[in-house]
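Peer 1: Handing you a structure now.
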Amino acid sequence: MLPLNGVIVFDGGMGSELEKLGFTGSPEDLNIDRPEVIQAIHRSYSCADCIMTNTFGLNAIKYKGKYTIKELALKAVENARAAGKKVFFDIGPTGAMLQPLGTLSFDEAYSAFAEVVEITKDIVDGYVAETFSDLYEIKACILAIKEHSDKPVFATMTFDSSGRTLTGSTPELVANTLEGLGVDALGVNCSAGPKELEGVVMRLLKCSSVPVMVKPNRGLPVLKDGKTQYTLDIEEFDCYIKKFIANGVAIVGGCCGTTPEFIERISKYSGRKIKRRKVERATVINSATKLVNIDGVKICGERLNPTGKKKLKEALLNGDYDYLIDEAVSQAEAGADILDLNVGLPQLDEKKVMAEACKKIQEYVDLPLQIDSSDREAVEAGVRYYNGIPLINSVNGDGEVMDAIFPIAKKYGAVVLGLTMDKNGVPKTAKERFLIAERIVKRAEEYGISRNKIMIDTLVVTASAEQKLVKETVEALRLVKKLGVKTALGVSNVSFGLPNRGLLNKTFLTMAMTCGLNMPIMNPLDGEMVGAVKAFAVLSGEDINAEKYIGIFKDYAGAASALKPAETEHIAAANLYDCIKKGIKSQAAHLCKTELEEKDAMTVVNDILIAALQEVGRLYDEGTLYLPQLVASAEAAKCAFEVVTEKLPKGAAKKQKVMLATVKGDVHDIGKNIVKVVLQSYGYEVADLGKDVPPESVAEGYIKHKPDVIGLSALMTTTVKSMEETIRILRENGCDCPVFAGGAVLNEDIAKKISADYYTKDALGFVKVLEKLK
Amino acid sequence: MQKSEQTDALIAQCLDELKGIAHFRYTYKYSETAPEFLKSAPYAEYLKGSSGLFIAVMTLGAEADAKIKLYSRTDAAKAIVFDACASAYLEYLSDEYENGLGDNLSYRFCVGYGGSDIADLRYIFDIVKPEKIGVTLTSANYMLPSKSMAGIVAVGNGAEKSCKNCVIATHCEYLKRGEKCYR
């Protein structure tokens, strides 16, 4: 880390100075077109210690001007040198939204940043990644800088008036992530004036162990005489900067609207002693929007692990990420705080699947993940593409394993779970397990990983096989707490081979929590287990005034209440037909079972499910029902279909397999999702490739899934081209199955023009054509 | 159409959730003269007689998109309602915001209205730089977060809304019934 001897002062606004001089176009081009102007502005800031290059928008994704990135980058550094001060290369965001929210991939963003660093690594004194609003993008930027240069990296983000970045990250979460990635300073720039940023600055100071940097705007802009103007005066600006420094800020400067006079005024703080701050080092992991402090007891959901789970295994082998996502969502809804993710199957490319699964799950669930693998490359892939700071599961006392994993943990700031075992297996006694834990902590420290980044799992044995050792596991928990680390246990393992496993699991969980267990790795769908954690939080004093407990159990009326329908189920269905027609998803499975007691499966399908759907379709077509009602009915039918399928003879209800994709360039896929639900409700098997799918991937999907029919969706005129390209490539790959085209801009004519076989205006239209194609 | 209690309840629930999670942001540049791309139809017609214009971009933020995505997995019917409510809520908040921008403002004319080319979004993005409120443009000219709008607001010409400029004029349920969606 960069040793700071005193406060550093950076320069002020560049864009606003250019605007004042009447320059509007690309500020980057001015580096070559008007170097004398840029140099004069840099020189006007020579009262500062460090000057930032005029390169905010200079990356291959954002910059669309007449020069090459290299020409501009080199000239920009030369211009900044004119001030005779240290030069930091300014890197701003790409201006594009990263996946999964947008279309830009992490690797594309990384390459764009890496390009400018590679050009400038030997001629600058450091880098400032600034004005980022997306945590994932700044991670790509920081990695690009650190993997191509050994110069200091300062990273600052923008926050809005609610104290969050534009993608919803809090200051604590930003600090945890950026510090984890090893920046030399972190903080906030632009956003608003110093007054508005005070709250964010104070919060950053409380939680960041690295120096904090603040470069505010000159207050909030106001519209005056038709122009945007900054009106905050130097006195007030200075007053806030002084206050920030008094509280421990180490690097200051100005952003939009600040002028050389502002920087001149605050340059007096240069070299001042930086106030020492006391920062509590907690064990904290985070996703892009959720921070979990592993204190008290936090539940880690264990269900995303194929060991002993046939359906998950199948899903992973088929590349069916929908199943994984549903498992993730259901665990999150059931109260998990963290999700374990393990995709280890011998037939799989674990590295590739881990990265993909990580991205897909994060698209739907905001809980932090625990990357669980024994394959070093899979761990690194997961941790690299993870948006935030994850947990790694795991290392053990074996030196080779630690040497493989600790460098990854250090580089990406991950917390590591250490298992108290080594090459000789799991030691019997608590004392021996403690010694391994101690060895893990020491080795981690050699890698620069502090104890708050280590958790210890003292390993559960099965009570049926090694009854006497159960208490050693619990005793070991008590011992390792002395090392100042947090603890974890895979609690459900204790009951293997015994009846009424739930009871043993719950009792063991309570024993372990009493001895200091912080993170049970367990099934969050087990209400009794989750209940035990919530109850323990009350009895241990963690849940102050039992507020959370009361929130959960306030309507509890004994065991029977568990069977009480949830609030959303206030509408009752008389029978399955009625249930589908009304679209009551939650009652569909139960009512379907009731029907199956008296009728055979095929009758239920034809006389009830399909009949109800046809009636709903008719009402929708005649304009009596709204789209949400149609979809609710489809969802209810889908639930019933899942129940009835188990009773049907194999292949009896087999219908065509449909592959769906929203084409490249289109990120809005609600239309495609409606088609999917409706098709599934009619019993069609659907392979969903998702949105923004490149033509080549659709062709790959065709070869992999062997569908009978392909449905493509496009929302905008610009993406119809990409639909045409997709159909062309499909045909080139020997695809002869019918292609359906749909979406807001499509019609019969356009569909014909781009060689689609069918155009259907909505989901019901799709089904009608399919039924005829049978 | 029949009234659906279920859908009405869902709409109320979605609006309530939106109020809690949406982060409405609005950014603009004011200009007395229209930049080049606004000098042809249909913008020119809309701007006729105006004394100035706001070029603006507004958004509900990424949180709304995340919710729609989650509901598309857990409750597809709710996803559709949430998506529609989010669009309507953005329109409403933008109207409210513009009420505070000054007097004599005309209705908001967004890119896409009246057959205008969505590629014009590029010009607006160059001028307004809405990245600072977290709005970005894909290479296919799609704004992200998806609950975002970009357009112009004329000052002092009393331009009035008309169905002929509407993007769904050809298949509008209101028009079919001889009604309008605005006052």
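The numbers here are math on the coordinates, done by the rules we state, and not lab data. Predicted, not measured: the structure shown is a model, and the values here were computed from it. Positions of Cβ are backbone-derived with ideal geometry, glycine not excepted, and every protein chain shown enters the neighbour counts.
Peer 1: Looking at this model, which pairs from A:K581/B:K67; A:K482/A:K554; A:K146/A:K691; A:K313/A:K581 are more than 28 angstrom apart at the alpha-carbon? Spell out each step's value before the answer.
Peer 2: Details: A:K581/B:K67 26 Å; A:K482/A:K554 37 Å; A:K146/A:K691 32 Å; A:K313/A:K581 35 Å.
Distance filter (> 28 Å) returns A:K482/A:K554; A:K146/A:K691; A:K313/A:K581.
Peer 1: If the only charges are +1 at each Lys and Arg Cβ and -1 at each Asp and Glu Cβ, what is the size of the charge dipole of the range B:8-67 around the Cα centre, to the nearest 20 debye?
Peer 2: Value, rounded to 20: 240 debye.
Peer 1: If the cut-off is a Cα-Cα distance under 17 Å, which lysines reach B:K164, setting aside same-chain residues fewer than 8 apart in sequence?
Peer 2: B:K164 reaches B:K48, B:K176, B:K180.
Peer 1: Rg to Rh ratio, the range A:399-478, alpha-carbon atoms and Kirkwood radius? Let's see the in-between values first.
Peer 2: Working: Rg = 13.4 Å, Rh = 13.1 Å.
For the range A:399-478, the value is 1.02.
Peer 1: Mind checking the range B:122-182 for GluC sites (Glu not before Pro) that DSSP puts in a loop (not H, G, I, E or B) and that have at most 12 other Cβ atoms within 10 Å?
Peer 2: Details: sites: B:E131, B:E160, B:E173, B:E179; in loops: B:E160, B:E179.
Hits after loop and neighbour filter: B:E160, B:E179.
Peer 1: Considering the Cα positions of the range A:76-195, please state its Rg to one decimal place and its Dmax as a whole number of Å.
Peer 2: Looking at the range A:76-195, its Cα Rg and Dmax stand at 14.2, 43 Å.
Peer 1: Between 0 and 90 degrees, rounded to the nearest ten: what's the tilt of helix A:501-514 against the longest Cα principal axis of chain A?
Peer 2: Compared with the principal axis, the helix lies near 20 degrees.
Peer 1: In peptide A:89-98, how many Cβ atoms from other protein chains are near each Cβ within 10 Å, on average?
Peer 2: Working: counts 0, 0, 0, 1, 2, 2, 7, 6, 12, 2.
Other-chain Cβ atoms within 10 Å of each residue's Cβ, averaged: 3.
Peer 1: To continue, here is another question. Would you work out the relative contact order for chain A, in percent, from Cα pairs under 8 angstrom that are 6 or more residues apart? Please list the in-between numbers first.
Peer 2: Details: 1537 pairs, mean separation 56.3, N = 774.
Reported relative contact order: 7 percent.
Peer 1: Note the direction-averaged projected area, equal to a quarter of the hull surface, for the Cα convex hull of the range B:5-176, in nm². Each step should come with its number before you reach the end.
Peer 2: Numbers: hull surface 42.9 nm².
Directional mean of the projected Cα hull area for the range B:5-176 stands at 10.7 nm².
Peer 1: Continuing with the same structure: Of all beta bridges DSSP finds with both residues in the protein assembly as shown, what is the antiparallel percent, to the nearest 5? Walk me through the intermediate numbers first.
Peer 2: Details: 29 of 98 bridges.
Of all bridge pairs located within the protein assembly as shown, approximately 30 percent are antiparallel.
Peer 1: A further question on this structure: Quick one: 3J(HN,Hα) in Hz for the range A:713-722, Karplus 6.51/-1.76/1.60 with θ = phi - 60°, rounded, Gly and Pro as x.
Peer 2: Once θ is set to phi - 60°, the couplings for the range A:713-722 become 10, 9, 9, 10, 4, 5, 9, 4, 4, 5 Hz.
Peer 1: Turning to a different aspect of this structure: May I ask you to list the residues of the range A:655-682 whose amide nitrogen lies under 18 Å from a point 7 Å from Cα along the Cα→beta-carbon direction of A:E108?
Peer 2: Residues A:662-669 qualify, since their backbone N sits under 18 Å from the label point.
Peer 1: Using a 7 Å offset from the Cα along the Cα-to-Cβ direction at both A:T717 and A:T624, what is the distance between the two label points in nm, to one decimal?
Peer 2: 3.9
Peer 1: Moving on. Which angle from 0 to 90°, rounded to the nearest 10, does the C-alpha axis of helix B:5-21 make with the longest principal axis of chain B?
Peer 2: 60
Peer 1: Two decimals, Cα atoms only, Kirkwood Rh: what is Rg/Rh over the range A:569-645? Don't jump to the answer; show the numbers that get you there.
Peer 2: On the way: Rg = 11.5 Å, Rh = 12.0 Å.
A ratio of 0.96.
Peer 1: Taking Cα pairs under 8 Å and at least six residues apart, what relative contact order does the range B:5-176 come out at, in percent? Intermediate values should be presented prior to the final figure.
Peer 2: Details: 253 pairs, mean separation 54.3, N = 172.
Computed over the range B:5-176, the figure is 32 percent.
Peer 1: Where in the range A:646-742 are there GluC sites (Glu not before Pro) that are in a DSSP coil and have at most 15 other Cβ atoms within 10 angstrom of their Cβ?
Peer 2: On the way: sites: A:E646, A:E685, A:E696, A:E700, A:E724, A:E725, A:E732; in loops: A:E646.
Passing sites in the range A:646-742 are A:E646.
Peer 1: Note the angle between two axes, namely the Cα long axis of helix A:670-681 and the longest principal axis of the Cα atoms of chain A, as a number of degrees from 0 to 90, rounded to the nearest 10.
Peer 2: Tilt of helix A:670-681: around 20 degrees.
Peer 1: Return the loop-located GluC sites (Glu not before Pro) in the range B:1-86 (DSSP other than H, G, I, E, B) with at most 15 other Cβ atoms within 10 Å of their own Cβ; answer none if there are none. Intermediate values should be presented prior to the final figure.
Peer 2: Values: sites: B:E5, B:E17, B:E32, B:E36, B:E45, B:E63; in loops: B:E32.
Those satisfying the criteria are B:E32.
Peer 1: Taking only the alpha-carbon positions of the protein assembly as shown and ignoring solvent, what does the Debye formula give for the base-10 log of I(q)/I(0) at q = 0.06, 0.07 Å⁻¹?
Peer 2: Relative scattering, expressed as log10 I(q)/I(0), comes to -0.48, -0.66.
Peer 1: Using only the Cα atoms, work out Rg/Rh for the range A:657-773, with Rh taken as the Kirkwood radius, to two decimals.
Peer 2: Details: Rg = 12.3 Å, Rh = 13.5 Å.
When Rh is taken as the Kirkwood radius, the ratio is 0.91.
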